[in-house]
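S.K.: I have a structure here, written as structure tokens, and I will follow up with some questions on it.
Just so you know, all these numbers are worked out from the coordinates, no wet-lab data involved. Keep in mind that what you see is a predicted model, and the values were worked out from it rather than measured. Virtual Cβ from ideal backbone geometry, glycine too; neighbours counted across all protein chains shown.
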Amino acid sequence: MDKLIIEGARKLHGEIRISGAKNAALPLIAATLLTPGWHVIHNVPDLRDTRTILALLESLGAVWKRKGDALTINTETVNNLEASYDLVKTMRASILVLGPLVARMGKARVSLPGGCAIGARPIDFHLQGLTKMGARLDLEDGYVNAFVDNYLSGAHIYFDVPSVTGTENILMASVLAKGITVIKNAAREPEVGNLVDMLIAMGADIEGKDTDRLIIHGVKSLKPAEVTTIPDRIETGTYLVAVGAAGGEATLTNCNPNHLPALTEKLRAAGLIIKESESSIFVSRPSKVQSIDIKTLPYPGFPTDLQAQLMVLMTVSNGLSVITETIFENRFMHVAELKRMGAEIRINGNSAIVKGIKQLKGAQVMATDLRASASLVVAGLAAKGVTEISRIYHLERGYEDMVGKLRALGARVHKEKE
């Protein structure tokens, strides 16, 4: 197991390229299961999570190859309908194979998923939606067994709260269903829109992209497609916040500023200079960071996946800030580690009250989930002294070549064996 060593308190300068979005690539890869043939997906990051879902597809009988950031996946040879616990346990997004398998094959057996320990994150929405579409489901020995007698049928499905993977799973199941499916209160994240684009390229009939109401007219068959993964808005946001916390200036290329409206507005309010072009963002911190309040919300609100990183920025701000988490109930586990670095944070229910200090101090800390790992990296870059972050396998699930990119910005960072 590796740990990350950071010599902090060095301003960041330079230019880095943002990778494709992990949270977009995973459903795009799963969608290839909907129809046999050779699919091509560009701009796919090489991460622990993308390797996991590719291993899962391989276990189902698919064949794939990678050339640079392009994946070619052949789903003609899919002959196994069981997604085993050994693969699914490490990544919650593995449940995304359920909808495509049921839609194409009429049955599937998928282990209940694992992933980051940031809350309950149930799959009830997935199961309720499939049941409404005519699937027969039962839970047995930690697996979801799904069956369809003839074909899935269109249905009206309402989510109590927007669910990204729930929307994606039902979306993929519905494109081959008989009749019309309407998903109400659907997730509006750009990653969902990326999947809609792929499904349309495959021959699906979908209305309402980027809205909370998706209307899907089922089609009899689909064809393979060639698509491009959108840039990773969470990776983009992480590096923007890192420059804010450590100081300096940087240009991030191959990104989409339109996907981060809430973050860039908040960073400007905190005193950072943000300049956007069509596919790049320039960021600099000319003076002391000002305190701001944030509240996580479904897109286009402030992303829960950037809450931990923004909290680090507030630990070195001028004033008092309140950070309210409304999406996941266990997403303050990084607070204890930040306190080890001198941060002054108090938890009150689902809010964190952060009192800014002059500077964090390097310490030995431990990552508890993917985005908490990123927040500790940001803290280490801003802190005086050396920070050692253990259990960075979480980090490697969602950030491609973070060490190389940080070094390109002038950071002193390297990996060591624990």
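S.K.: Neighbour counts of other C-beta atoms within 10 Å: give me Met314, Met198 arranged from fewest to most. Write out the running numbers ahead of the final one.
M.R.: Details: Met314 28, Met198 24.
Ranking Met314, Met198 by Cβ neighbours within 10 Å, fewest first, gives Met198, Met314.
S.K.: I've got another one for you. With each run of n ≥ 4 DSSP H residues scored as -39500 (n - 2.57), what mean residue ellipticity at 222 nm is computed for the chain after dividing by its residue count and rounding to the nearest 500 deg cm²/dmol?
M.R.: Numbers: 13 runs with 124 residues, N = 418.
Computed mean residue ellipticity for the chain: -8500 deg cm²/dmol.
S.K.: Out of the stretch 221-291, which GluC sites (Glu not before Pro) are coil in DSSP terms and have no more than 10 other C-beta atoms within 10 Å? Spell out each step's value before the answer.
M.R.: Numbers: sites: Glu226, Glu235, Glu249, Glu265, Glu276, Glu278; in loops: Glu278.
Filter output for the stretch 221-291: Glu278.
S.K.: Can you give me the relative contact order of the stretch 22-228 as a percent, contacts being Cα pairs under 8 Å and 6 or more apart? Provide the component values of the computation, followed by the final result.
M.R.: Working: 464 pairs, mean separation 42.1, N = 207.
Computed value for the stretch 22-228: 20 percent relative contact order.
S.K.: Hey, another quick one. If you fit an axis through the alpha-carbon atoms of helix 370-382 and take the longest principal axis of the Cα set of the chain, what angle between them do you get, 0 to 90°, nearest 10?
M.R.: That works out to roughly 20 degrees.
S.K.: Tilt of helix 233-246 relative to the longest C-alpha principal axis of the chain, in degrees (0 to 90, nearest 10)?
M.R.: Computed tilt is about 10 degrees.
S.K.: Continuing with this model, one more query. Run the numbers for Asp293 and Arg17: contour at 0.36 nm per residue of separation, minus the present Cα-Cα distance, in nm.
M.R.: On the way: separation 276, 0.36 × 276 = 99.36 nm, distance 2.92 nm.
Length gained, Asp293 through Arg17: 96.4 nm.
S.K.: How about the stretch 1-79: which GluC sites (Glu not before Pro) there lie in a loop by DSSP and see at most 13 other Cβ atoms within 10 Å? Kindly include the intermediate steps, with their values, before the conclusion.
M.R.: Numbers: sites: Glu7, Glu15, Glu58, Glu76; in loops: Glu76.
In loop regions of the stretch 1-79 (DSSP not H, G, I, E or B), the sparsely surrounded GluC sites (Glu not before Pro) are Glu76.
S.K.: For the stretch 22-228, please report how many Lys pairs fall under 23 Å Cα to Cα, leaving out neighbours fewer than 8 apart on the same chain.
M.R.: Taking the stretch 22-228 as the scope, the lysine pair count is 21.
S.K.: Here's something else I'd like to know. Could you please rank Ser174, Ser153, placing first whichever residue has the fewest other Cβ atoms within 10 Å of its Cβ?
M.R.: On the way: Ser174 31, Ser153 17.
Lowest to highest Cβ neighbour count: Ser153, Ser174.
S.K.: Once each part is reduced to its C-alpha centroid, what is the distance from the stretch 77-91 to the stretch 366-384 in angstrom?
M.R.: 31
S.K.: Please find the FRET efficiency linking His42 to Glu276, where r is the Cβ-Cβ separation and R0 is fixed at 25 Å, and quote it to the nearest 0.05. Please report the intermediate quantities before stating the final value.
M.R.: Details: r = 23 Å, r/R0 = 0.93.
For R0 = 25 Å, the calculated efficiency reads 0.60.
S.K.: Would you check the stretch 268-367 for Lys pairs whose C-alpha atoms are within less than 18 Å, ignoring same-chain pairs closer than 8 in sequence, and give me the count? Can you show the working numbers first?
M.R.: Details: Lys288/Lys355; Lys288/Lys358; Lys288/Lys361; Lys295/Lys355; Lys339/Lys355; Lys339/Lys358; Lys339/Lys361.
Qualifying lysine pairs in the stretch 268-367: 7.
S.K.: Still on this structure: Report the one residue of Leu214, Thr368, Ala108 whose Cα lies farthest in the direction of the positive end of the charge dipole of the chain (charges on C-beta: Lys and Arg +1, Asp and Glu -1; origin at the Cα centre).
M.R.: Thr368
S.K.: Going by how many other beta carbons lie within 10 Å of each one, how would you line up Val378, Val289, fewest first? Display every interim value, and only then the final one.
M.R.: Numbers: Val378 28, Val289 23.
By the 10 Å Cβ count, ascending, the order reads Val289, Val378.
S.K.: Over what distance in Å are the Cα centres of the stretch 259-332 and the stretch 1-70 separated?
M.R.: 25
S.K.: With each pseudo-label sitting 7 Å past Cα toward Cβ, what's the Met333-Glu58 distance in nm, one decimal?
M.R.: Label-label distance for Met333 and Glu58, simple model: 2.8 nm.
S.K.: If I model a spin label at Leu139 and Tyr151 as a point 7 Å from the Cα along the Cα→Cβ vector, what separation in nanometres do I get?
M.R.: Reported label-point gap for Leu139 and Tyr151 is 3.1 nm.
S.K.: Antiparallel DSSP bridges in the chain: what percent, to the nearest 5?
M.R.: Bridges in the chain that DSSP calls antiparallel: roughly 70 percent.
S.K.: Also, I was wondering about something else. Over the chain, what is the mean sequence separation of C-alpha contacts under 8 Å (at least six apart), divided by residue count, expressed as relative contact order in percent?
M.R.: On the way: 1048 pairs, mean separation 89.5, N = 418.
The normalised contact order for the chain reaches 21 percent.
S.K.: Something else now. Using DSSP, restrict attention to beta bridges with both residues in the stretch 22-228 and report what percent are antiparallel, rounded to the nearest 5. Please list the in-between numbers first.
M.R.: Details: 27 of 36 bridges.
Percent antiparallel among DSSP bridges in the stretch 22-228 is about 75.
S.K.: If you don't mind, there's one more thing I want to ask. Quick one: if you stick a label point 7 Å off each Cα along the C-beta vector at Val322 and Ile200, how many nm between them?
M.R.: Output for this residue pair reads 4.1 nm.
S.K.: Please give me, ordered by residue number, the GluC sites (Glu not before Pro) of the stretch 283-388 that lie in loop per DSSP and have at most 10 other Cβ atoms within 10 Å.
M.R.: When the GluC sites (Glu not before Pro) of the stretch 283-388 are filtered for loop state and at most 10 Cβ neighbours within 10 Å, nothing remains.
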